[in-house]
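Beneath this line is the structure, given in structure tokens, with notes to follow.
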């Protein structure tokens, strides 16, 4: 998540990423093998029968994002048979498993879009034994048409986009409070980069960190109690932690170089961040209550590292590496080791399923949001989001 007009370490990007490997029949496994990313696995073929219009489009997008490939009738390993007349219905058939019906579902409550999302989630959960993401939300920064960027929130596919800020100043680094409809972000509205909390239910906004100089990169623990952030009030940008309301401030690093992009381990015991303390921005770990910062080995990735983030299952740390002239999304085991380069892009953010990431890439002169399915390495652009968009954060 980039803040313009700051030092080079803070103008690089960070990431979240999740990894799931498949068995030969397409079922998700608990173990993740980084070797699988050297050559992507094939998506699971599924045919959709009886659906029309927007429901067909929604089902196709949702399933293809989550590891499936929609194929012509007669070509699928699975068949989803139904219709969307007066509700959304579906029967999932395993065509290679003797034609067995795996489930029959009918949805009538909520919008047709919500019903289609629910059916897509049911397919994923039945076969992959993994919770679907079709009802999740993302936050992001976007400049719709000139002027200043603002913070937006939408469904994960870009639908129901809402403008959260109208600050008419630079904003950056949206971050969710896990399990809540609440965001933290940085805004220059008061003529200084300050951190604000924003309750999306009530619209109430509170400045939680307004020290002189830089206040940015808020990251909230999974229990919603603590916040990590980068402040420059005592000199160069350093890592600090506090209660979520900003009280009980504690400085964790004291270096002459810049720290940036903190993220918490899922259990809240450690923080991963970037620092130029060793010469060139690299990944470091530190205990959440302070201590000695330790460099995280990420062999195989070169250049400048930025914006790390832990996968929700705690196994992996993803980050962006500026390798040559290209930004690459990479992943490394949380304990360090060989890093794997996944795709070109910036600003990656883990989905709650520890499988997908949303990220920014440049396409036709624009910054757009795209979703990566890590095991298959397939990328689909997020529809319905206009303008230049970046710094996505996936709600968990």
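The numbers here are math on the coordinates, done by the rules we state, and not lab data. Please read these numbers as outputs of a predicted model, since none were measured by experiment. Heads up, the Cβs are rebuilt from the backbone with ideal geometry, glycines too, and the neighbour counts pull from every protein chain shown.
Brief remarks follow.
- The range 310-359 and the range 226-266: distance between their alpha carbon centers, rounded to Å: 22 Å
- Full-extension gain in nm, residue 85 to residue 40, via 0.36 nm per residue minus C-alpha separation: 12.5 nm
- Residue with peak Gaussian network fluctuation, the chain [Cα springs, cutoff 10 Å], from 312, 193, 45: 45
- Taking the longest Cα principal axis of the chain as reference, the axis of helix 112-128 is set at about 90 degrees.
- Within the range 43-128, percent of DSSP bridges classed antiparallel, to nearest 5: 65 percent
- Over the range 26-185, relative contact order from alpha-carbon pairs under 8 Å, at least 6 apart, %: 14 percent
- The range 47-85-the range 178-200 distance, computed between alpha-carbon centres (Å): 39 Å
- Adding -39500 (n - 2.57) for every DSSP H run of four residues or longer, then dividing by how many residues the chain holds, sets the calculated 222 nm ellipticity at -2500 deg cm²/dmol.
- Rounded Å value of the spacing that divides the Cα centres of the range 375-396 and the range 136-173: 13 Å
- Stretching residue 106 away from residue 204 to a fully extended chain increases their span by 31.5 nm, per 0.36 nm per residue minus the current alpha-carbon distance.
- As a length-normalised measure over Cα pairs under 8 Å and 6 or more apart, the relative contact order of the chain settles at 18 percent.
- Förster-model FRET efficiency, 51 Å R0, residue 289 and residue 366, C-beta, rounded to 0.05: 0.75
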